[in-house]
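The values are calculated or read from the model by the stated rules, or taken from the named source; none is laboratory data. Since the structure is predicted, the reported quantities are computational estimates derived from the model, not experimental observations. Glycine also receives a Cβ, built like all others from the backbone with ideal geometry; neighbour counts cover every protein chain displayed.
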Amino acid sequence: MSDVRDVIVIGGGPAGYTAALYAARANLRPLVIEGFNWGGQLMITSEVENYPGYRDGVLGPEMMAEFRAQAERFGTEFLTDDVTRVDFSERPFKVYVGGDEYLAQTVIVATGATARQLGLESERALHGRGVTYCATCDGAFYRDREVVVVGGGDSAMEEALFLTKFASKVTIVHRRDEFRASQIMLDRARAHEKVEILTPYVVEEVLGAETGKLTGLRLRNVESGEPLDYPADGLFVAIGHDPTTGLFLDALDHDENGYLVTRGKTTETNVPGVFAAGDVQDHVYRQAITAAGSGCAAALDAERFLADLEGHPATALTAARDH
């Protein structure tokens, strides 16, 4: 049995690394079990231009490496492995990596979420070379270009309308004539002069893999089966996200889509001492900066919780603040 740690952070992305940084600076000896796919969605992002402080932009993997190194500088320990089981029924909480058990007074869940993909080999080949999953992140790269948004929900409509700020034309491709989007969002998309809606089509292939740059899409009419090669400079896939919460659904409150539920403006879950930060509990913003801010909040919430524990040495909250 391992010693009882003050904080274990599960997940290694903007939220997890920021939580670790603040916890380490507060002398809470955090252990980050970051997973084999550490760094989160930014590890498959080419250039990040909207994170403050990086005036000229930064590669996603480079930024995550810097986040990690900064947390390590203040004493964070890392375990590059995947958590296989948790037990939040009593404190100290138990976190398992295979047969190894780790104990902690508090746990911060920061396992993130993943964008749903179309599942095409050509899509994976052109990820970051014309295929993207976030208009807010990448829309500015497509100024005066023609782009396609795949999806039929509110998120797809929002992505398409946002892209009209940059693109010369935005085509929404959906497999059905009916949409899951709310009527008001659908009406806005239909009314916009830059938006065209193409139904009922599915994407069969992303074109341009042989050149390393997206040139268009091969679509198929769902009703007739007829193919259609559609020129485009960018593909934005907006068919939803899946939070990485499978390990926690039996222990922690979550919504119908699996996102963990936190209380009010805190990062507190329904289990005292367990906190959730980043995209694992945020299905609205899903940005690196909001995840990082959430990770900061989780560390401060954990610190306050520990300070209130009987017999636990009080920690100075100011140690984790901006100095």
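Observations on the model:
- The residues of the stretch 47-64 that are among the small types (Gly, Ala, Ser) and exposed (fewer than 15 other Cβ atoms within 10 Å of the Cβ), listed by number, are 53, 57.
- Within the stretch 283-300, tally of residues that are without any contact (Cβ under 8 Å) to a residue 24 or more places away in the chain and of a type outside the set (S, T, N, Q): 2
- Single residue of the stretch 74-103 satisfying the filter (charged (D, E, K, R) and under 16 Å from residue 7 (Cα atoms)) that is surrounded by the fewest Cβ atoms within 10 Å (Cβ to Cβ): 90
- Some residue of the stretch 62-80 being in a strand (DSSP E or B) and in contact (Cβ under 8 Å) with a residue 60 or more places away in the chain: yes
- For the stretch 243-293, the set of residues classified as part of a strand (DSSP E or B) and touching a His at 6+ places or on another chain (Cβ under 6 Å) consists of 260 only.
- For the stretch 152-163, the condition holds for no residue, the condition being that it is touching a strand residue (DSSP E or B) at 6+ places or on another chain (Cβ under 7 Å) and assigned to a loop (DSSP other than H, G, I, E, B).
- Top-ranked residue of the stretch 175-209 - restricted to ones that are of a type in the set (A, V, I, L, M) and assigned to a loop (DSSP other than H, G, I, E, B), ranked as farthest from residue 147 (Cα to Cα): 181
- Verdict on residue 198 being surrounded by 14 or more Cβ atoms within 10 Å (Cβ to Cβ), touching a Ser or Thr at 6+ places or on another chain (Cβ under 9 Å) and modelled with pLDDT of 95 or more: yes
- Some residue of the stretch 91-113 being part of a loop (DSSP other than H, G, I, E, B), touching a Lys or Arg at 6+ places or on another chain (Cβ under 9 Å), of a type in the set (Ser, Thr, Tyr) and under 17 Å from residue 300 (Cβ atoms): no
- Hey, residue 221 surrounded by fewer than 17 Cβ atoms within 10 Å (Cβ to Cβ) and within 26 Å of the chain's Cα centre (by Cα) or not: no
- Every residue from the stretch 28-60 that is in contact (Cβ under 8 Å) with a residue 24 or more places away in the chain and either hydroxyl-bearing (Ser, Thr, Tyr) or in the same structural domain as residue 127 (by TED's automatic domain parsing) (or both): 45, 46, 51
- Among the numbered conditions (1) under 30 Å from residue 11 (Cβ atoms); (2) of a type in the set (D, E, K, R); (3) in a loop (DSSP other than H, G, I, E, B); (4) in contact (Cβ under 8 Å) with a residue 12 or more places away in the chain, the only one that residue 303 does not meet is (3).
- Flag if residue 42 is in a loop (DSSP other than H, G, I, E, B) and among the hydrophobic types (A, V, I, L, M, F, W, C): no
- Which numbered condition residue 160 fails, given (1) at pLDDT 95 or above; (2) surrounded by fewer than 21 Cβ atoms within 10 Å (Cβ to Cβ); (3) in contact with a helix residue (DSSP H, G or I) (Cβ under 8 Å, 6 or more places away or on another chain); (4) within 27 Å of residue 178 (Cα to Cα): (2)
- If you check 232, 319, 288 for being under 28 Å from residue 118 (Cα atoms) and either at pLDDT below 95 or of a type in the set (S, T, N, Q) (or both), only one passes: 288.
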